[in-house]
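Visitor: What follows is a single structure, and I will ask about it in a moment.
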Amino acid sequence: MFGLQFINEMEAIQRQMDQVFCGMNPVERSKDIAINVAEEEKSYKVRAVLPGLDVEKLDISILGQKLKISGEFIQDELPEGARWYRQERQQGAFEKVLRMSNHLNSEKVEAEYRNGILEIILPKAESALPKKIAVNIA
């Protein structure tokens, strides 16, 4: 019984906090973005959901095994006299650095931003790909 009572109390406190901060400027949120990374035989596929991204301020760079994605979300403008009632979408600058398990071929990277989704194809460096070794018969 104590566990359920504790949860109810925490929910009540959360509702009170929501009421206190309702209408105020949004509290600075974490600028971390959610990313999915899939490893294939010869490359990695990175997908990030970035709605409202200012593509002009998007920067993707690679150094060795590190992929860095940074950019800025478009700031929503409010009409004069309006105030935020609720604001959940990220705004402002963000940066994400991923360390891959293999070196990357930065010359052949492809990136596409469509319908709020950024997709990056990162080919592995030739030195990171498996090599078949021929066996000489003596």
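The values are calculated or read from the model by the stated rules, or taken from the named source; none is laboratory data. This one's a predicted model, so the numbers in the text were calculated from it and none came from an experiment. Cβ placement follows ideal geometry from the backbone for every residue including glycine, while neighbour counts extend to all protein chains displayed. Remember, those area values only see protein heavy atoms, side chains included, never the ligands or the DNA or RNA. Shrake-Rupley method; radii C 1.70, N 1.55, O 1.52, S 1.80 Å.
Visitor: Label the chain by shape, choosing from rounded, prolate and oblate, from the square roots a ≥ b ≥ c of the eigenvalues of the Cα gyration tensor; if a/c is under 1.5 it is rounded, and otherwise prolate applies when a/b is larger than b/c, oblate when it is not.
Guide: oblate
Visitor: If you roll a 1.4 Å probe over the chain with all protein chains in place, what percent of the accessible area is carbon or sulfur?
Guide: Looking at the chain in its full context, I get 52 percent from C and S.
Visitor: Below 12 angstrom from the Cβ of residue 55, what's the summed charge of the other residues (Lys, Arg +1; Asp, Glu -1)?
Guide: -3
Visitor: Nearest 10 degrees is fine. How inclined is helix 2-21 to the longest principal axis of the chain, computing both from alpha carbons?
Guide: Tilt of helix 2-21: around 80 degrees.
Visitor: Keeping every protein chain present and rolling a 1.4 Å probe, give me the accessible area per residue for the chain in Å².
Guide: Per-residue value: 78 Å².
Visitor: For a 29 Å ceiling on Cα separation, which of these pairs sit above it: 42/96; 68/132; 57/131; 96/132?
Guide: 68/132; 57/131; 96/132
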